Amino acid sequence: MQTQIKRYNILLRGNVQHIGYRGIIEGTARKLDIKGYVFNDIDGSVKIACEGLQKSIDAFINGIKEFARSDIESIEKKEILEELYLPSIFSRVATDEYYEFSKKFDIGLDYLDGIKTDTGEMKITLGDIKGSLGEMKGDLGEMKESLNTMNTTLETFVVKQDIHNQRLEKILEKLAEK
């Protein structure tokens with residue numbers, strides 16, 4: 001019967017903690033008028049105690065599956081026949097705060113460690129670039145010297161060419177006189 005109230009313990013295993021999953025579960029349950037709570041357990045699972053109409057519970061579980069399809073390894077659902085004392089509004093239960101913060105700090109430290117590795121590699125790359133720029137500076141200095149030498153040679157050539165042209169003019173003048 002679809003109008004009958006059902007109660008379940010639900011166990012989610014996989015990559016289901018510290019990804020905002022409890023907030024999604026809480027919001028979904030509230031929209032479906034389901035009572036209960038959700039919490040992260042120290043074993044890495046997410047556990048849910050819930051109560052509602054069977055069709056709402058089915059929609060709730062389908063919504064959970066859809067949200068984290070690639071993260072969930074398994075969903076276990078056990079019906080509870082006894083009455084449960086549940087909060088009237090579905091909510092997240094704070095578990096061991098030290099554990100929760102410790103896990104989040106560990107995740108943050110892993111990210112920071114990755115950044116440290118990345119910046120270390122960048123430092124090496126920047127060192128390589130600096131070395132290359134130093135070599136280029138040396139090459140440009142050599143090119144400048146070569147260009148200065150070429151300019152001096154061209155200036156000498158132009159002066160000699162002017163002298164040569166003056167001689168040719170005199171020869172042409174003498175030929176024109178004859």
task = Return yes or no: is Ile48 assigned to a strand (DSSP E or B) and among the β-branched types (Val, Ile, Thr)?
result = yes
ask   = If a residue has to be under 29 Å from the mean Cα position of the chain (by Cα), among the small types (Gly, Ala, Ser) and either under 9 Å from Phe90 (Cβ atoms) or crowded, with 16+ Cβ neighbours inside 10 Å (or both) to count, how many in region 28-52 make the cut?
value = 1
query = Among the numbered criteria (1) farther than 14 Å from Asn9 by Cβ; (2) surrounded by 11 or more Cβ atoms within 10 Å (Cβ to Cβ), which single criterion is violated by Ser88?
reply = (2)
ask   = Hey, among the residues in region 1-22 that are among the basic types (Lys, Arg) and modelled with pLDDT of 90 or more, which one's nearest to the chain's Cα centre (by Cα)?
value = Arg13
inquiry  = Any residue at all in region 122-143 that's at pLDDT below 80, within 30 Å of Tyr21 (Cα to Cα) and among the polar types (S, T, N, Q)?
reply    = no
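The values are calculated or read from the model by the stated rules, or taken from the named source; none is laboratory data. This structure is a prediction, so every number in the text was calculated from the model and none was measured. We place every Cβ from the backbone using ideal geometry, glycine too, and count neighbours over all the protein chains shown.
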